[in-house]
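Novice: Okay, here's the structure, questions in a sec.
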Amino acid sequence: MKKNQFDTQCVHEGQLKDEQYKGAISPLYMATAYSYEETDRYPRYFNTPNQLGLAKKIAALEGAEEGLIFGSGMAAISTALLAYLHKGDHVVLQNDLYGGTTNLVVEHFNKYGIEYAFADSLAAASFEAKIQSNTKVIYVETPSNPLMKIVDLKAIAALAKKHQLISMIDNTFSSPVNQNPIAFGIDIVLHSATKYLGGHSDILAGALACSAAHMERIFSIAKSLGGNLSDISAWLLERSIKTLAIRVKQQNENALALAHFLENHTLISKVYYPGLPSHPDHALAKQQMQGFTGMMSFEVADGVDRASFEKNLTIIQPVVSLAGVESTITIPAITSHKLLSAEARAKQGITDNLVRFSVGIESLEDLKRDLDNALKNASYES
């Protein structure tokens, strides 16, 4: 039987049948207690009807054998890492990661006797240079948060297989619409489902997709750590993913146009967006991405008061999270990467003038006008 196309999978894959009333959408099962005579079903075991249906949808969208749904992106990330890293083990990580992931590693791994190293660059050779005899995992994130750097997925997957390591990727910034890492040989795909998968800034969740063999190992610790997602949130997330494809495609389109607009704006000093030909990883992004995402970052020029720029925006909202249907901005130095030291941020290239921009689905012309007015009103020369 021919597999359904991605857009159809978003709508129908994993949907539960309403056998009693024949409704068009998945029923919501709120029970936390099920008969033990028929099944070992319990919310913390990730196997309630809504949890299982959503996990099936995630697996299909990522081209994986199995999926698992968590209460947050960090729950998914920490569970996956701890499934493969124990006392005396070592992990090699990308040097510019989401701040929460970096903080997990730097602040807590030493307590558990887990060693780690950050690659000096995104080149596969840089990762290989950090591999030790006790290395078990290679961990990457592409595009990176917030500088939108691109990692060569084929090269990382090949490197992991060469050294018999597990490869993991945070695919949050791309979403399954734009990038499918398993197709390039990556073992485990992770998401903060709070972002594109949820898409409406109202659900906190995480997701993981991988082979059945890897899932068996991950589940063995997941059921003990207790990072499962509630059924009401699972139901809401399954509903949200039905519009994932059309949302993200519109965000891709808006973001590409706005990246060109900002790159040519006199009050912007630099734009970080892989869809721009000027981006150093543009050619690689074209090879492994179907779209360039709705995320970008930019630096306001020295003649612009960044705080005033934020306050002058009327459509675009300054908030902490990202990837909702509404356009938002945040300042990584004081939000997503505030847990890092000033020295660590500087090493990654995260300046105080850096603005992370999550492009929504609003009118492109309205967004251009909002940005232009806010920049001009925040200019010292205005």
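Novice: For ALA257 paired with SER220, estimate the spin-label separation in nm (one decimal), with each label point 7 Å from Cα along the Cα-to-Cβ line.
Specialist: 5.2 nm
Novice: Between (1) 5, 24, 32, 24, 12, 3, 0, 0; (2) 4, 16, 19, 17, 14, 10, 9, 7, 3, 1, 0; (3) 5, 20, 28, 23, 16, 7, 2, 0, which entry matches P(r) over Cα pairs in 10 Å bins from 0, in percent as derived from the coordinates of this structure?
Specialist: It is the value labelled (1).
Novice: Which angle between 0 and 90 degrees, to the nearest 10, do you get for helix 212-225 versus the longest principal axis of the chain when only C-alpha atoms count?
Specialist: 90 degrees
Novice: So how far apart, in nm, are the two label points at ILE246 and THR8 if each is 7 Å from Cα heading toward Cβ?
Specialist: 1.7 nm
Novice: How do TYR42, TYR29, TYR21, TYR380 line up, fewest other C-beta atoms within 10 Å first?
Specialist: Values: TYR42 16, TYR29 19, TYR21 6, TYR380 10.
Ordered from fewest to most neighbouring Cβ atoms within 10 Å, TYR42, TYR29, TYR21, TYR380 come out as TYR21, TYR380, TYR42, TYR29.
Novice: While we're looking at this one, here's another question. Report the FRET efficiency, 1/(1 + (r/R0)^6), for SER363 and VAL319, where r is their Cβ-Cβ distance and R0 is 25 Å, rounded to 0.05.
Specialist: Details: r = 20 Å, r/R0 = 0.79.
It comes to 0.80.
Novice: Apply 1/(1 + (r/R0)^6) to the Cβ-Cβ distance of ASN377 and LYS338, taking R0 = 35 Å, and write down the FRET efficiency to the nearest 0.05.
Specialist: Numbers: r = 27 Å, r/R0 = 0.76.
Efficiency, from the Cβ-Cβ distance: 0.85.
Novice: Something else now. Would you count, across the range 244-378, every pair of lysines whose alpha carbons are under 25 angstrom apart, provided the pair is eight or more residues apart or spans two chains?
Specialist: 14
Novice: Taking loop as defined by DSSP and a crowding limit of 12 other beta carbons within 10 Å, which GluC sites (Glu not before Pro) in the range 30-66 fit?
Specialist: Numbers: sites: GLU37, GLU38, GLU62, GLU65, GLU66; in loops: GLU37, GLU38, GLU65.
Passing both the DSSP loop test and the Cβ count: GLU37, GLU38.
Novice: Expressed as an acute angle from 0 to 90° and rounded to the nearest 10, what is the orientation of the C-alpha long axis of helix 244-263 relative to the principal long axis of the chain?
Specialist: For helix 244-263, the angle is close to 20 degrees.
Novice: On a C-alpha basis, how far is the centre of the range 284-353 from the centre of the range 188-227 in Å? Whole number, if you could?
Specialist: Centre-to-centre distance over Cα atoms comes out at 25 Å.
Novice: List residues of the range 354-369, by number, whose backbone nitrogen lies under 20 Å from a label position 7 Å along Cα→C-beta of HIS200.
Specialist: 359-363
Novice: Then there is this: Sort LEU208, LEU81, LEU104 so that the residue with the fewest other Cβ atoms within 10 Å of its own Cβ comes first and the one with the most comes last. Numbers along the way, then the final one.
Specialist: Values: LEU208 32, LEU81 25, LEU104 18.
Exposure proxy ranking, most exposed first: LEU104, LEU81, LEU208.
Novice: While we're here: State the Cα centre-to-centre distance between the range 248-283 and the range 1-78 in whole Å.
Specialist: Taking the Cα centre of each part, the range 248-283 and the range 1-78 sit 36 Å apart.
Novice: While we're looking at this one, here's another question. Could you calculate the contour length gain from ALA129 to GLN287, that is, 0.36 nm times the residue separation minus the distance between their Cα atoms, to one decimal place in nm?
Specialist: Working: separation 158, 0.36 × 158 = 56.88 nm, distance 2.51 nm.
This chain segment gains 54.4 nm when fully extended.
Novice: FRET efficiency for ASN264 and SER35, Cβ-Cβ distance as r, R0 = 56 Å, nearest 0.05?
Specialist: Working: r = 64 Å, r/R0 = 1.14.
Efficiency at R0 = 56 Å is approximately 0.30.
Novice: Let me ask something else. Where does helix 364-378 land angle-wise versus the long Cα axis of the chain, in degrees 0 to 90, nearest 10?
Specialist: For 364-378 against the chain, the angle is about 50 degrees.
Every number here is computed from the coordinates shown, using simple stated rules; none is lab data. Computed from a prediction, not measured in an experiment: that's the story for all the values here. Don't worry about glycine lacking a Cβ; one is built from the backbone with ideal geometry, like all the others, and counts go over all protein chains shown.
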